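Report on the following structure.
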Amino acid sequence: MSVPLLSLQGLTKAYPGVVANDTVSFDIGEGEVHALLGENGAGKSTLVKMIYGLVKPDSGKMLLRGQPYEPAEPRQARADGIAMVFQHFSLFDALNVAENIALGMENPPEMRDLAARIREVSETYGLPLDPYRTVGDLSAGERQRVEIIRCLLQDPKLLIMDEPTSVLTPQEVEILFKTLQKLQSEGTSILYISHKLEEIRTLCDHATILRLGKNVGECTPSETSARDMAELMVGSSLQTPQRGARDFGEVAMDITGLSVPAPSAFGTALKNVHLTVRKGEILGIGGVAGNGQDELLGVLSGETLTEADAVKLHGQPIGKLGPTARRKLGVLAAPEERLGHAAAPDMSLTENAMLTGSVREGLEKNGFLDWGKTKEFAERIIKAFDVRTPGPGNAARSLSGGNLQKFVIGREVLQDPDVLVVNQPTWGVDAAAAAAIRQSLLDLAAKGAAVICISQDLDELMEISDSFAALNEGRLSAPREAAGLTVDEIGLMMGGAHGMEVAHV
Amino acid sequence: MIRLEKRPQPSRAWSMATPLVAVLATMIFGGLLFAALGKPPVEAIRTIFWEPLFGEFSFYYRPQLLVKGAPLVLIAIGLSLGFRAGIWNIGAEGQYIMGAICGAGAGLAFYPAESFLIFPLMVVAGALGGWAWAMIPAVLKTRFGTNEILVSLMLVYVAEQFLASVSLGLLKNPEGFGFPGSRNLQAWDSAHNAELIAGTGMHWGVVAALIAVIFAYVLLNRHMTGYHIRLTGEAPRAARFAGVNPTRLVLFCLGTSGALAGLAGLFEVSGPSGQVSIDFNVGYGFTAIIVAFLGRLHPVGILLAGGLMALTYIGGDIAQSNLQLPAAAIQVFQGMLLFFLLAFDLLTNFRIAIGKPEVA
Amino acid sequence: MDLSAINPVLLIASLMVAATPLLLAAIGELVVEKAGVLNLGVEGMMIVGAIAGFATAVESGSPFLGFIAAAIAGAALSILFAILTQFAQANQVASGLSLTLFGLGLSALMGQSYVGVKPPRMGDIHIPGLSDLPVIGPILFGHDIILYFGIILTAAVWWMLKYSRIGLVLRAVGENHDAAHALGYKVLKIRLAAIMFGGACAGLGGAYISLIRVPQWTEGMTAGIGWIALALVVFASWKPWRALLGAYLFGGVTVVQLNLQAAGVAIPVEYLAMSPYLITILVLVILSADKSSAPAALGRNFHASR
């Protein structure tokens, strides 16, 4: 066998309280698409950060084409032909496309030449982009194109892609895969990080599976069933949520002709949104992040006020009521961002229980707070939702993502809502916690509550929702019955390919 | 290699200990500064921290602690509410001045009548004066999104000019032989904020400061408004989600701190200082910022910090006359204290790790 | 009242002098804020620069050395701010305030023996022919060298931010420090450099007040100019040329009100003296509606976690 492009040998990296990577070894061959598979918290991102020079390993070594490879910083990694497309945090909203790309290059050419190269490369690979547009105005898919082109301009030998499809519609995913296959045919190796098994089976030649920081197995995805890979990844067989048959009652909440201007320079305006959700029904709202999800949640929770009769609860106008008044009426919500929106990071779980529980749980009287009762409420959430923490006195930020999310969802579910709105309820959460959260939403609906679940995870929505609609650039598609929807239909509801085209092979 | 590691949650022990560590560090570096100025460092530190409390003339200085501490605590309590919510009123000096002018003005309108109603009227007018001055940045912030830091500070300079103007004009003592400054309120029983118990320094301002401490404690720990204040400071988006109305909160925090600063000004001008004059204000409004932080924005902490800061003022005066330590040295000393406090505050949220990270 | 005593040529010339300390401090702070850092200690750094420059100039007899010392002093003080905010992760608002309080005390201490002393004069440039032209001569060609330096600095900062690689990186850091870090840029080092540049500029601005504008030393002589410079950065929407325009506008207000005071206008002196501060507030109100050009990471601390 020839010398692999990159060989990782016994990489270990520990943080206080957790070993992120424990003697991880594997090889990536030349021109190979290699999948790195694992749950949230399995140590995938620490591993790629080591390859990209952002984090130094405690022990172990890397060989690039047989030569020792110890990047001190990303600059050096890039000079050695390693490029990375990030999942988050790597673009500058206020700068234009060309400036963003120049920042990721060692010796960028003059702006005018760079712009021309961007046009050229973007057309070759079917990723059309205007170099002079401000990045903040781009859609999630377009932003990803910026990152990919930033990498391609450096002729990388190894392209690292971190969960690239989470921001794409199914049609866009297909086109992305064509682009990646073209790159592979040109000899570029790709390290593809994901937890989506079907994608990996379509695209990847080889897969390494991480669990709790350890390499727990390797396989050839095309020859391995998704179920086997899932069990390797999670370590045990998973329960799929139980959904009982339910009858829908009358309409609980409806929104008619709602339009809201964008709240900030780079926010999304909601345009003529209609939706209804009945008692006992779960309405799934799909769509790529950044298409108005946060804004829609704000309108439903009462953080954003609208015309009174744009939002109605049991036929009564509530558009002008704030979050507290809506809670009193039984409309509860759990926003996407756990730290800083759904919960205050430095406050204790007890204090965070007060955050939304004060009205319905009777935790305040004439403005004075009953901390004893609040602590009991927090303890109830911890117990009912199996939140792993030493106690309700601990700060929210000390909890892992999955545990805090269980706390946040549990806090709303236990208050017995008439209507519950959740945004990305299982984002960044491990599989066991995600399953528990989905089950709790199903149980809540079975008790007769109306649930609106906004999520990017289409598998999740297909698993739990009764009807399905999608957000695209602030518009909501007409809802359809979820059962029997094909991936293609869903993709079209999400906006299709957004002007992407297949790479010119 | 020294690295910072974020603690999973803030350390309670360090949160209490940092002010003490900061005071110690300030004593050490302050001592070095005094030595550099050619003064005996240990003697200077002892003069500042020991002399007013236990020295030969402590019978005179101890009451002064209350006199100097009360306005600092009163103002700092108000500021701390806003600071906790991320609302930065740094113009307390201006509100202090306007409170004094309005309070004294309301009283002097009735001169020389004697009535038990005059002093309460002055108190209300003083609070209103400070409140109104603070409402300018508050309303501009809520209506137009104007930065309250800059506006409240600009208004300090405006208030100082206004003070000069009334000292020389509107409120000038007609029997003052042309000297600037108002009538002496100490000499007018109805308006005099006299000592409640002779020789203790205990005046109405001290009472007000203690009430403010209790009020703030209850508000922050037991009341929804206080919870909302803390929530807004920690996570503004979560506060919106919880149902906090940011506009009302800005008006409440700035208004309360303005009113308390105004009260402090009124008690000062009707008591210890005695008259509205061009330079009756000595920077309490700014020093109170240090007091608020040194007290960790906690009401009880502020009470202690106010006492400590009053000590450095009095001790500084003694050191000035005994050791010819320049007055500015005390100002540097106080500034240093805030520096060290902010620096050591790091230990509340971070752990300093030396060498390789340990594996747990 | 005699308004005819006001000479428009001298008025414009002195307006430029009044504007220069503001301009220097504002350009420095603009760069700091572009890097995503809010340093409210401008007033403190200015006043320390004012006394450091003054003392050095008096002791050495060279105003030029004075300006160098002022820049060093301002930068040195700004390092304290950098330690607090960049290393110790302290709140930037509180740290900036502490810098100002500390600076005011420190300058008073340093300046005790310099009250009432006359500093050496820094001569105005004289270009034969040009400087002697009527009207244009005194306005354009008859100033001290630091005033021109301020204008050149504005141009340099504008060019750097707009066209240079370092400017692009600086803006990137101010826009999204996490992304800049992920791309391998040294966020803290870049911010430290920006903070020190801001400190040096504020120091120069302070020394301009004590050595040229007034020229003498009095306690607290910056009288809020550092704070007005902060407001000016907002006014300028973080654009250097607008900062220049704003500085001249405020310089104009200051000079006009001083001239009106001297001319004995029927408005009391105190109300005239208030005017620059009131106008600052007014301008802030008018311009604060649009915050879109503010750097997105302004005032937020960066800590590289895993």
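A few points about this structure:
- The alpha carbons of the protein assembly as shown stretch over 102, 76, 58 Å along the principal axes, in descending order.
- Partners of residue A:214 within straight-line reach, counting aspartates and glutamates whose Cα lies under 14 Å from its Cα and excluding those fewer than 8 residues away in the same chain: A:22, A:39.
- Ordered by the count of other Cβ atoms within 10 Å of each Cβ, fewest first, B:227, B:157, A:15 give A:15, B:157, B:227.
- A straight Cα-to-Cα reach below 12 Å connects residue A:373 with the aspartates and glutamates A:351, A:361, A:364, residues fewer than 8 places away in its own chain not being considered.
- Global form of chain B, assessed from the alpha-carbon gyration tensor, a/c cut-off 1.5: oblate
- In plain terms, the chain from residue A:25 to residue A:186 could stretch by 55.3 nm, reckoned as 0.36 nm per residue minus the Cα-Cα distance.
- Mean residue ellipticity (222 nm) of chain B, computed from DSSP H runs ≥ 4 via -39,500 (n - 2.57), nearest 500: -23000 deg cm²/dmol
- Pairs with C-alpha atoms separated by more than 27 Å, drawn from the list A:328/A:383; A:365/A:447; B:6/B:68; A:328/A:447, are A:365/A:447; B:6/B:68.
- Measuring nothing but how far apart in sequence close Cα pairs (under 8 Å, 6+ apart) lie, relative to its length, the stretch A:1-76 scores a relative contact order of 38 percent.
- Folded to 0 to 90 degrees: helix C:145-163 orientation relative to chain C principal axis, Cα: 30
- Förster-model FRET efficiency, 30 Å R0, residue C:151 and residue C:237, C-beta, rounded to 0.05: 0.95
- Cβ-Cβ FRET estimate between residue A:231 and residue A:439, R0 fixed at 22 Å, reported to 0.05: 0.65
- GluC sites (Glu not before Pro) lying in DSSP loop within the stretch B:120-208, provided at most 13 other Cβ fall within 10 Å: B:175
- One Cα centroid belongs to the stretch C:183-212, the other to the stretch B:207-271; the line between them spans 36 Å.
- In this structure, residue A:120 and residue C:267 have a Cβ-Cβ separation that, at R0 = 51 Å, corresponds to a calculated FRET efficiency of about 0.15.
- Our helix-only sum for chain A, with -39,500 (n - 2.57) per DSSP H run of n ≥ 4 divided by its residues, gives a mean residue ellipticity at 222 nm of -9500 deg cm²/dmol.
- For chain B: relative contact order, % (alpha-carbon pairs under 8 angstrom, 6 or more apart): 36
- By the rule of a C-alpha distance below 12 Å, with chain neighbours fewer than 8 residues away ignored, the aspartates and glutamates paired with residue C:118 are C:59.
- For the stretch C:187-203, backbone phi angles converted through the Karplus equation (6.51, -1.76, 1.60; θ = phi - 60°) give residue-by-residue couplings of 4, 5, 5, 5, 5, 4, 4, 5, 4, 5, 4, x, x, 4, 5, 4, x Hz, Gly and Pro being listed as x.
- The angle between the Cα long axis of helix C:92-110 and the longest principal axis of the Cα atoms of chain C comes to about 40 degrees, rounded to the nearest 10.
- Chain C: calculated mean residue ellipticity at 222 nm from DSSP helix runs of at least 4, using -39500 (n - 2.57): -22000 deg cm²/dmol
- Degrees between helix C:42-60 axis and first principal axis of chain C (Cα, 0 to 90, nearest 10): 60
- Counted by neighbouring Cβ atoms within 10 Å, the residues A:488, B:317 run from fewest to most as A:488, B:317.
- Annotation: for a label point projected 7 angstrom from Cα along Cα→Cβ of residue A:70, no residues of the stretch A:18-47 have a backbone N closer than 15 Å.
- Where labels lie 7 Å past Cα in the beta-carbon direction, separation of residue A:473 and residue B:62 in nm: 7.8
- Likely footprinting exposure, B:167, C:113, B:190, fewest C-beta neighbours within 10 Å first: C:113, B:190, B:167
- Normalising the average separation of contacting C-alpha pairs (under 8 angstrom, six or more residues apart) by the number of residues puts the relative contact order of the stretch B:19-135 at 17 percent.
No value in this document is a laboratory result; all are computed from the given coordinates. Quantities reported herein were computed from a predicted structural model and do not represent experimental measurements. Neighbour counts are summed over all protein chains in view; Cβ atoms, including those assigned to glycine, are modelled from backbone coordinates with ideal geometry.
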